[in-house]
1. So how many residues does the range 191-249 have that are small (Gly, Ala, Ser) and either in contact with a strand residue (DSSP E or B) (Cβ under 6 Å, 6 or more places away or on another chain) or buried (at least 20 other Cβ atoms within 10 Å of the Cβ) (or both)?
2. Is there a residue being closer than 24 Å to Ala343 by Cα and either in contact (Cβ under 8 Å) with a residue 24 or more places away in the chain or surrounded by 14 or more Cβ atoms within 10 Å (Cβ to Cβ) (or both) anywhere in the range 126-137?
3. Looking for whichever is more than 24 Å from Ala334 (Cα to Cα) and in a loop (DSSP other than H, G, I, E, B) here; the options are Ser250, Ser244. Which one fits?
4. If I go through the range 20-41 residue by residue, how many of them are surrounded by fewer than 20 Cβ atoms within 10 Å (Cβ to Cβ), within 17 Å of Gly246 (Cα to Cα) and among the hydrophobic types (A, V, I, L, M, F, W, C)?
5. Somewhere in the range 297-312, is a residue under 21 Å from Asn208 (Cα atoms) and out of contact with any Phe, Trp or Tyr (no Cβ under 9 Å at 6 or more places or on another chain)?
6. Could we say that Gly103 is on the phi > 0 side of the Ramachandran plot and either touching a helix residue (DSSP H, G or I) at 6+ places or on another chain (Cβ under 6 Å) or surrounded by fewer than 15 Cβ atoms within 10 Å (Cβ to Cβ) (or both) here?
7. Taking the range 257-274 as the region of interest, how many residues are buried (at least 18 other Cβ atoms within 10 Å of the Cβ) and either assigned to a helix (DSSP H, G or I) or charged (D, E, K, R) (or both)?
Amino acid sequence: MSNVIHLAPPSRIIPQEARLGALLRCFAQHRRHGDDVFWLKENAEILNILECTGTHPGAAALDAYAEFYQSVEKRLRFFPQYYRFFLSITLDLEDLGMPGDHGERLVAWAQDQDLPRAELSDLQRMEAMRLMARRGFAPKGHDPMLEDRARYFMARSETFALPNKKAAYELTHLVFYLSEYGRRDPMLDPDAKRSLHFAGLLAFIEQNADLLSEICIALSYAGELPPPLWTDWLRRETALFSVSDGAAVSVQDDYHEFLVCNWHQALVGDAAFAKGFADDRMRFDRNVVRATPMREMSEAMFSLDDARSGDWLSMRLYMEDRLSPEAMRVLEQAETSSQHFAAFFNGFARAERTALH
């Protein structure tokens, strides 16, 4: 009679603190250097996502930022043009558990130097106002019409029925700031909510998981339920990301899309940052097998000239004849995903625009 020994296979599920520790050390120490503005951008993004989702990585993970944190006041004085990055990283580190009060001093110094006055963009001024308010400060010379202008921009839904990624990202970020990243009702009017749905339809048709994740997050912050077809697709795309590591891997990658897709997963209560991470330099690559019907759709509509119509039902057969099966499948999914599709298509068609004189 032989003895059978059953060996339990080791678990492939790495504890969250270990995963987040490896991820933060990658961004803090292995991908770029601390004096690189792209280092500031990447680390501001990952820390902001952890802070606004209430995901605490633990003291050991935050140790990767100890040197930066101790020198941040000197860095801000020498690089005041990057003050929003410095404020964001420092405030998030403290709110995630880093002991210290550098954040309040940084905000006070930025206020004293009137740094928000250097901003030409209303979006950047709103970000500065939000950052300073986190420690009880307000920019000098506060513009009482700033929020009104932002809401005026958001309410023009026609803007978001046309491909314009810059406008769409500005729309989502305005919702982030107005809602304090989901901590309060941003009080969006029906037009602004329609704008989010239009931008989301375009992002889905483009199969742009980066932008669609931000739009679904913004919709949730605005009290709207994102279409389940969008969120299901984002769940699949997040699972299909690949992570590779090694000293020689390129960091010209899809890291931002990886971060915001996982932000969305955390927001809806699914497992986020569930990959196996190495304590090393890493790159993040999205699934490359995606239909991209936007170019086909635009070319088909443009070729119609004055014969095109904003009525989706009358244009549907025409599109079926001219789009590839893959592109038409995505377009049909977009149609069924949102009650706003007909209104969106009417704007996308640009069929009733007054001729130039």
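1. Here the count works out to 10.
2. No; the residues of the range 126-137 include none that is closer than 24 Å to Ala343 by Cα and either in contact (Cβ under 8 Å) with a residue 24 or more places away in the chain or surrounded by 14 or more Cβ atoms within 10 Å (Cβ to Cβ) (or both).
3. Among Ser250, Ser244, only Ser250 is more than 24 Å from Ala334 (Cα to Cα) and in a loop (DSSP other than H, G, I, E, B).
4. 0
5. yes
6. no
7. Qualifying residue count for the region: 11.
A quick yes/no check of all residues on (1) within 25 Å of the chain's Cα centre (by Cα); (2) hydrophobic (A, V, I, L, M, F, W, C); (3) modelled with pLDDT of 90 or more:
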{"site": "Arg286", "(1), (2), (3)": "yes, no, yes"}
{"site": "Ala300", "(1), (2), (3)": "no, yes, no"}
{"site": "Ala307", "(1), (2), (3)": "no, yes, no"}
{"site": "Ser314", "(1), (2), (3)": "no, no, no"}
{"site": "Glu326", "(1), (2), (3)": "no, no, yes"}
{"site": "Gln339", "(1), (2), (3)": "yes, no, yes"}
{"site": "Arg350", "(1), (2), (3)": "no, no, no"}
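The values are calculated or read from the model by the stated rules, or taken from the named source; none is laboratory data. This is a predicted model, so every value here is computed, not measured. In this analysis, Cβ positions are derived from the backbone assuming ideal geometry, glycine residues included, and neighbour counts consider all displayed protein chains.
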